[in-house]
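Here, each number is a calculation from the coordinates, and none is a lab measurement. The structure displayed is predicted, hence computed values, not measured ones. Quick reminder, even Gly has a Cβ in these numbers, built from the backbone with ideal geometry, and neighbours come from all protein chains shown.
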Amino acid sequence: MLELNERYIVDKEGKKSAVILDIEEFKRLMELIKEYGEIEPYDTEDVNRDIIEAFKDLKRGKIHPAREILNEL
């Protein structure tokens, strides 16, 4: 977990209006954002459809060896 030692700029009412980070913390945060952007988004609709289809296959007695399924991943 990335620990930040952030400091804040506050307005006249004491509300936080900006954050100050050490440059190394900022660089690491930018790296994490870049890595996150490279992760393929998770489509829950596809997963739900796959789960429903899997249960239908089980009911029909149509099963697949684990090795076959893992090879598809």
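Starting from the Cα gyration tensor of the chain, multiply each eigenvalue by 5, take the square root, and state the resulting semi-axes largest first in whole Å.
Numbers: eigenvalues 471, 56, 15 Å².
Whole-Å semi-axes of the equivalent ellipsoid: 49, 17, 9.
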Using alpha carbons only, how many degrees (0 to 90, rounded to 10) separate the axis of helix 23-37 from the longest principal axis of the chain? 20 degrees
All other residues with a Cβ under 10 Å from the Cβ of Asp22 taken together, and with Lys, Arg as +1 and Asp, Glu as -1, what is their net charge? 0
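Tell me what the chain gives for mean residue ellipticity at 222 nm when only DSSP H runs of n ≥ 4 count, each as -39,500 (n - 2.57), the sum divided by the residue total, rounded to 500 deg cm²/dmol.
Numbers: 3 runs with 38 residues, N = 73.
So the calculated ellipticity at 222 nm is -16500 deg cm²/dmol.
Which net charge results when you count Lys and Arg as +1 and Asp and Glu as -1 among the other residues whose beta-carbon is under 14 Å from that of Glu53? Working shown, then result.
Numbers: positive: Arg49, Lys56, Lys59, Arg60, Lys62; negative: Glu45, Asp46, Asp50, Asp57, Glu72.
So the environment of Glu53 carries a net charge of 0.
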